[in-house]
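In what follows, a single structure is set out as structure tokens and then discussed.
Where a number appears in this text, it was derived from the coordinates with a stated rule and is not lab data. This structure is a prediction, so every number in the text was calculated from the model and none was measured. Because the Cβ atoms are built from the backbone with ideal geometry, glycine has one as well, and the counts that use them run over all protein chains shown.
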Amino acid sequence: MNPPGIRGRLRSAAVLAPLSLLALTACGSGGTGGTTTAGARAPSAPAGDPVASVREVSSVAALLPADVRRSGTLRVGSSIGFPPGAYYPNGPDKAPAGQDIDIADAVAKVLGVKLQRQDASFETILPALGSGKYDFGTGNFGVTAERLKTIDFVTYINDGQGFAVRKGDTGLKKVTDLTQLCGLTIGTGAGTTFERTLTAQKGVCAKAGRKPYDVKVYSENAATLTALQQGRIDVIMSTINGLRHQASQTASRTTFLGEYHRLDVGFAFKKGSPLTKAFRAAVDELIEDGTYARILEKWGTSASAIETSRINPPEHP
């Protein structure tokens, strides 16, 4: 039996006009393209620029390989999805904003390098690191045991997996066990830890003698929220910070169901990259001088702060 209020309410197209750029298919984190729903407008970026005062720290910059110091640039594959991580507050032809953007920019300033940011869909960034297309990647990439086999990470925040439903759906209050989702349709993003978790655990419903849940995968962020508001999916699985931020926006009409599984999130590098020590030292410098705390405060993610950066920490159990 499905929880009351979850099924059977298709919304009219008129409901979708005010939806903001908060549709989520982030990748466990991470996100895909920042497409807005028709008639929607992305939220403005919060005031203040905590990155403006950051300066190069020579002892940290010295940890970079000599060729990087000579060129003075790093190529970053950047997945621009939704606030508070990374999004386009003024349209895709303008500069992106968000927590991930600020932290990457601040790290670059500590290292004394410029970033050549190349927008890319989430699922393409990690494979491209091995080919040398990018020096590192950003996109709220969660550190998992599977990814650690081929990718190096330098952590900068702790986020993870959560769920959300349409506001007014009273059947689910908090998801602590995937059997609570049996018989429902869950929307999430392609190539994400969310998709992998849901696929790997799909047998839990059969073991409980219940109808399995269905998983629908979306390649664009706006499509997920649209599907939720139209009743084509019942639940969204995405990042804790993204879903919490979305629920705080009146236009999204969603309710955050709480944290399901925490994950460290980090900059991604090809395995064996010589850049990781410099990036870890740069993040720690930002934590020590207070810039890190000011960035997280700006974006409302202070609860996800880490005390120190780590290279390749084990996945949270």
**Message:** What do you get for the angle between helix 122-131 and the principal long axis of the chain? Use alpha-carbon atoms, 0 to 90 degrees, nearest ten.
**Reply:** 40 degrees
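Per-residue ellipticity at 222 nm for the chain, helices alone: DSSP H runs ≥ 4 residues times -39500 (n - 2.57), over residue total, nearest 500 deg cm²/dmol?
Numbers: 10 runs with 86 residues, N = 317.
The helix contribution divided over the chain gives -7500 deg cm²/dmol.
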**Message:** Could you tell me which residue out of 221, 201, 250 lies farthest along the dipole of the range 127-279 toward its positive end? Charges go on the beta carbon: Lys and Arg +1, Asp and Glu -1, centred on the Cα centre.
**Reply:** 201
**Computed label-point distance, nm, for sites residue 232 and residue 67 using a 7 Å Cα→Cβ extension** = 4.6 nm
**Asked** Could you give the dipole magnitude of the range 121-279 about its Cα centre, charging the beta-carbon of Lys and Arg +1 and that of Asp and Glu -1, in debye to the nearest 20?
**Response** 280 debye
**Item:** Charge dipole magnitude, Cβ of K and R +1, D and E -1 - the range 168-236, Cα centre, debye nearest 20
**Value:** 260 debye
**Request:** List every residue whose amide H lies under 5 Å from the amide H of residue 160, counting only residues 5 or more places away in sequence or on a different chain, with H placed 1.01 Å from N in the peptide plane.
**Result:** 240, 241, 263
**Asked** Excluding same-chain residues fewer than 8 positions from residue 207, which lysines have a Cα within less than 19 Å of its Cα?
**Response** none
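Which value, in debye to the nearest 20, describes the size of the charge dipole of the chain about its Cα centre when Lys and Arg Cβ atoms bear +1, Asp and Glu Cβ atoms bear -1, and nothing else is charged? Intermediate results must be reported in sequence, preceding the final value.
Working: 36 positive and 28 negative charges, 189 e Å.
For the chain, the charge dipole is close to 900 debye.
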**Item:** Charge dipole of the chain about the Cα centre (unit charges at C-beta), most positive-ward option of 192, 302, 145
**Value:** 192
**Message:** With θ taken as phi - 60° and the coefficients 6.51, -1.76 and 1.60, list the Karplus ³J(HN,Hα) couplings across the range 150-163 in order, rounded to whole Hz; mark glycine and proline as x.
**Reply:** 10, 10, 9, 10, 10, 7, 9, 6, 10, 10, x, 10, x, 9
**Item:** Residue pairs, from the table 133/298; 167/216; 149/298; 174/298; 216/271, whose Cα atoms sit over 22 Å apart
**Value:** 133/298; 149/298; 174/298; 216/271
**Request:** Among 176, 48, 130, flag the residue with its Cα farthest along the positive direction of the charge dipole of the chain, charges on Cβ as +1 for Lys/Arg and -1 for Asp/Glu.
**Result:** 176
